[in-house]
Amino acid sequence: MEIAKSLLKPLKKNNSIKASFGERLFTVLNYCFFLSLGFLALFPFLNVIAKSFSGEAAVVSGLVSFFPVDFQIGTYKMVLGNAQFLNSFKITIIVTAIGTLASLFMTVLAAYPLSKPDLKFRKQLLLIYVFTMLFNGGIIPTYLVMRDLELINTIWALFVPGLINVFYMLIIKNFFEALPEGLEESAKLDGASNMRILFSIILPLAKPVLATVGLFYAVLLWNSYFSAMIYITSPELKTLQLYLKELIASTTEVLTTAGQIDVNRDLNQAPEAVRAASIVTATIPILLVYPFLQKHFVKGVLVGSVKG
């Protein structure tokens, strides 16, 4: 919003100048174009929501577009009563919470020393980090390492391999570099150690970038299914996204994932509506986090990317 206001200031100063017909037409076309793009981006999600609340006949016959047809909530009752869905939901919340905190902690510990110009071999260390952004060991070697560490079929396998995202680490490093050096110098004169300076002075000032990167990590972990698909075989540890992937790929077992079939309820639900309800239910939690952290986005990302 602050950026938008700054861009509108010149327009307010020159509001006495009447815009030409071509300028007004260009503005109208711009609005129409971007509104159309926004509608196209929202259409798939609105369609999924409408299907999740629509009756079986309407969904099967393809009559659902943006609004529910034959409104019902039976699909959500079925999804929320599914033991596997609830267990996967719980596992995903645990992995996202622990993984986000662990990733932020390790990323900060890597970014802080690398933000110091006098660090020995700083350029070489940065080169190694950047190298990992372009190349990795591959799936099989990584799997063998995880197996030797006995992390297969544990929740640790779901976030430990990607504990530090180098791109996010560089954003935080650049943020630290932009802070005044006098803050740390005055703290050292008072006898504060490096860790005390980091946790008592630097991190409180870095709340915007930490909130932004933390949300990036949370979304990444919440939407991840590949790690679970590779390292998890136990149904009790399946994540929500892996459950949804298997649910979407399934066409005949959608209504039997809960075990017993309720004839009066389950057989009157379209599999596509059940999948849609599962997707919507899995999307809502991460969407609820955005409004609380949105104010930090512009400041956190822009300040953290000023320096190269």
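The values are calculated or read from the model by the stated rules, or taken from the named source; none is laboratory data. Quick caveat, the model's predicted, so the values are computed rather than measured. Cβ placement follows ideal geometry from the backbone for every residue including glycine, while neighbour counts extend to all protein chains displayed.
Brief remarks follow.
- Index of the failed condition, Ile171 passing every other in (1) surrounded by 14 or more Cβ atoms within 10 Å (Cβ to Cβ); (2) more than 27 Å from Leu205 (Cβ to Cβ); (3) not acidic (Asp, Glu): (2)
- Qualifying position, being in contact (Cβ under 8 Å) with a residue 40 or more places away in the chain, within 16 Å of Ala218 (Cα to Cα) and in a loop (DSSP other than H, G, I, E, B), among Ile164, Ile152: Ile164
- Single residue of segment 224-236 satisfying the filter (over 18 Å from the mean Cα position of the chain (by Cα) and part of a helix (DSSP H, G or I)) that is nearest to Asn87 (Cα to Cα): Glu236
- When segment 188-215 is filtered for residues that are surrounded by fewer than 18 Cβ atoms within 10 Å (Cβ to Cβ) and not charged (D, E, K, R), the ones remaining, listed by number, are Leu189, Gly191, Ala192, Ser193, Asn194, Met195, Phe199, Ser200, Ile201, Leu203, Pro204, Leu205.
- Within segment 168-223, helices (runs of 4 or more DSSP H) holding 1 or more residues that are within 30 Å of Val95 (Cα to Cα) and among the aliphatic types (A, V, I, L, M): 194-197, 207-223
- Any chance Lys245 is in the same structural domain as Tyr143 (by TED's automatic domain parsing), at pLDDT 85 or above, surrounded by 11 or more Cβ atoms within 10 Å (Cβ to Cβ) and over 15 Å from the mean Cα position of the chain (by Cα): no
- Any hit, segment 69-77, residues being buried (at least 19 other Cβ atoms within 10 Å of the Cβ), in contact (Cβ under 8 Å) with a residue 60 or more places away in the chain and among the charged types (D, E, K, R): no
- Test: residue in segment 219-242 that is modelled with pLDDT of 85 or more, touching a His at 6+ places or on another chain (Cβ under 9 Å), closer than 25 Å to Ile155 by Cβ and not aromatic (Phe, Trp, Tyr): no
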